[in-house]
Amino acid sequence: MATQIDLSNTFTLPGTSMTVNRMGYGAMQLAGPHVWGPPRDPEAAVAVLREAVKAGVDHIDTSDFYGPHVTNQIIKRALHPYPDRLVIVTKVGARRGQDKSWIHALSRQELIDGVHDNLRNLGLDSLDVVNLRVGGVMGPSEGSIKEPLTVLTELKQQGLIRHLGLSNVTPGQLAEAQAITEIVCIQNLYNLAHRNDERFIENLAGQGIAYVPFFPLGGFNPLQSATLDTVAVSLEATPMQVSLAWLLRRSPNILLIPGTSSVEHLRENLKAAALQLPPESIAQLDAIAEAQER
Ligand SMILES: NC(=O)c1ccc[n+]([C@@H]2O[C@H](COP(=O)([O-])OP(=O)(O)OC[C@H]3O[C@@H](n4cnc5c(N)ncnc54)[C@H](OP(=O)(O)O)[C@@H]3O)[C@@H](O)[C@H]2O)c1
């Protein structure tokens, strides 16, 4: 039986009718090794997606440059026709080199092609939310995003995109974007050990904008910390569950998209939605980033 998640812990994307459970799922790990090519076990990838939706997940994060194309094609195979309540968030602004590298793809034509690739491979006429991904994966870099965002705004006016978000951006870039169009979510790197966005998260919470941390578990090398292990043992939980529970209580506008290629890990992660962290555990966890900064 699918692990059911707490369906009352939801967030509504600003200016939209899209209310999602704060515990979602990130699909990047469904492609092959290094997010390249097909998965080793395609049936297992389909099973992860079906289990997630069965458990109550209604927010899936993806991109057509995962694979490339592979992740979206698996989502379509597993879940199409999509349940009404399911919100699929995708991103454009990058492409993959033949050497599996991640390359910016921010020209007008690349963005238009990116949106059409997502529509085709997901089997949709309109994309719920598209994030414009600009900076590097380890952090944003200042610079105008007006040109690429204007292209996506045109595609939104044409009805190909319902809502827009940004990924790997600074507060200054968000302000520039908001003068052009409404932004419903920000997707940046943030987890127990990487907390550069503390003030940005507060700022977004004040505006009712969702903050969706990528690499919530640490990414390709999941978080490792003796303190995390100690807290997990004291709560009879796993370190990954504690990491996710810490993010959920960090701010009510945080939406989680942990990634996994395993049904077992998915079930474990979803259970984190019900994990309560006592104040002493939170104090111990807060000290992890401080220790790294020293
Ligand atoms: N905007 C951007 O630039 C950007 C960049 C990166 C990612 N993203 C998005 O963020 C989502 C989440 O990131 P992510 O999947 O790369 O990183 P993540 O969620 O931090 O961690 C995924 C890694 O943790 C492992 N894992 C998951 N659950 C586990 C568990 N319970 N126990 C042990 N290991 C576990 C996974 O391996 P198994 O498969 O073996 O479980 C995988 O190696 C992605 O799916 C993607 O949609 C966005």
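The values are calculated or read from the model by the stated rules, or taken from the named source; none is laboratory data. Quick caveat, the model's predicted, so the values are computed rather than measured. A quick note on method: Cβ atoms are made from the backbone with ideal geometry, for glycine too, and the neighbour counts reach across all protein chains shown. When the accessible area is computed, the model is the full protein with side chains, heavy atoms only, and any ligands, DNA or RNA have been set aside. Shrake-Rupley method; radii C 1.70, N 1.55, O 1.52, S 1.80 Å.
Values computed for the structure shown
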quantity	calculated
Most fluctuating residue given options D84, D197, D64, as computed from a GNM of the chain linking Cα atoms under 10 Å	D84
D_trans [Stokes-Einstein, Kirkwood Rh over alpha-carbon pairs] for the stretch 1-139, 25 °C, 0.890 mPa s, µm² s⁻¹	157
Whole-number D in µm²/s for the chain (Stokes-Einstein; Kirkwood sum over Cα pairs; 4 °C, 1.567 mPa s)	67
Isotropic mean projected area of the C-alpha convex hull, the stretch 113-217 (nm²)	6.9
Test item: Cα-centred dipole of the stretch 52-167, Lys/Arg +1 and Asp/Glu -1 on Cβ, debye	220
Partners for K76 among lysines (Cα-Cα distance below 21 Å; same-chain residues under 8 apart left out)	K54, K91
Accessible surface, 1.4 Å probe, highest first, among residues L223, L106, L127	L106, L223, L127
Fraction of antiparallel bridges per DSSP, the stretch 70-225 only, in percent to nearest 5	25
Accessible surface of the stretch 162-294 [probe 1.4 Å, protein heavy atoms]: carbon and sulfur percent	50
Environment charge at N72 (Cβ cut-off 12 Å; Lys +1, Arg +1, Asp -1, Glu -1)	+1
Centroid-to-centroid separation of the stretch 247-281 and the stretch 167-243 [C-alpha atoms, Å]	12
Antiparallel bridge percentage (DSSP; both residues within the stretch 1-97; nearest 5)	35
Antiparallel DSSP beta bridges within the chain, as percent of all bridges there, nearest 5	25
The stretch 154-294, accessible area per residue, ligands and nucleic acids excluded (1.4 Å, Å²)	44
Estimated [θ] at 222 nm from DSSP helical runs (n ≥ 4, -39500 (n - 2.57)) normalised by residues in the chain, nearest 500	-11500 deg cm²/dmol
Principal semi-axes in Å for the stretch 201-294 [√(5λ), Cα gyration tensor, largest first]	20, 18, 13
Where the stretch 16-140 is the region considered: accessible area per residue in Å², 1.4 Å probe	40
Accessible surface of the stretch 14-102, 1.4 Å probe, proportion on carbon and sulfur as whole %	51
Dipole of the stretch 1-152, positive end: most advanced residue of S63, I88, I103 [Cβ charges, Cα centre]	I103
Size of charge dipole - the chain - debye, nearest 20, with Cβ of Lys, Arg +1 and Asp, Glu -1, no other charges	440
For P33, net neighbour charge (Lys/Arg +1, Asp/Glu -1) across residues whose Cβ lies under 15 Å away	+1
